[in-house]
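Read through the structure below, which is laid out as structure tokens, and then see the notes.
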Amino acid sequence: MPGREPFQYAALRIVPRVEREEFINAGVILSCQTQDFLGARIELDERRLLALDANVDLEAVRANLASIPIVCAGGAAAGPI
């Protein structure tokens with residue numbers, strides 16, 4: 001049986017209006033240093049986000065979320081950080 005490896009995660013949350021203290025989860029970043037692994041999974045529920053704030057800039061949210069898996073994958077496509 002293979003040994004257990006410690007993984008860490010960070011939930012990605014969208015907070016359209018900070019003063020209302022509301023958010024939705026939009027993805028997760030998962031890492032394991034011993035496995036040399038860093039990855040992200042994004043799943044944005046746009047209807048729920050619009051229910052919290054009908055004026056949210058969906059294009060900006062999509063663009064920012066889309067950059068996270070690219071940065072996690074590394075390489076030239078990630079650009080300068």
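The values are calculated or read from the model by the stated rules, or taken from the named source; none is laboratory data. Being a predicted model, the structure only gives us computed values, none of them experimental. Cβ sites come from the backbone with ideal geometry, for glycine too, and all protein chains shown count toward neighbours. Accessible surface areas use protein heavy atoms only, side chains included; no ligands, DNA or RNA. Shrake-Rupley method; radii C 1.70, N 1.55, O 1.52, S 1.80 Å.
Below is a table of values for the structure above.
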quantity: Surface per residue (accessible, 1.4 Å probe) for the chain, Å²; calculated: 78
quantity: Mean shadow area of region 7-81, taken as a quarter of the surface of its Cα convex hull (nm²); calculated: 5.8
quantity: Structure-based [θ]222 nm, the chain - -39500 (n - 2.57) summed over DSSP H runs of at least 4, per residue, nearest 500; calculated: -8500 deg cm²/dmol
quantity: Note, ³J(HN,Hα) from phi for region 17-33, Karplus 6.51, -1.76, 1.60, rounded to Hz, x at Gly and Pro; calculated: 9, 4, 5, 8, 6, 10, 8, 10, 6, 10, x, 8, 10, 10, 9, 8, 5
quantity: Degrees between helix 58-73 axis and first principal axis of the chain (Cα, 0 to 90, nearest 10); calculated: 10
quantity: Electrostatic dipole magnitude of the chain [Cβ: Lys, Arg +1; Asp, Glu -1; Cα centre; debye, to 20]; calculated: 140
quantity: Full-extension gain in nm, residue 51 to residue 71, via 0.36 nm per residue minus C-alpha separation; calculated: 4.3 nm
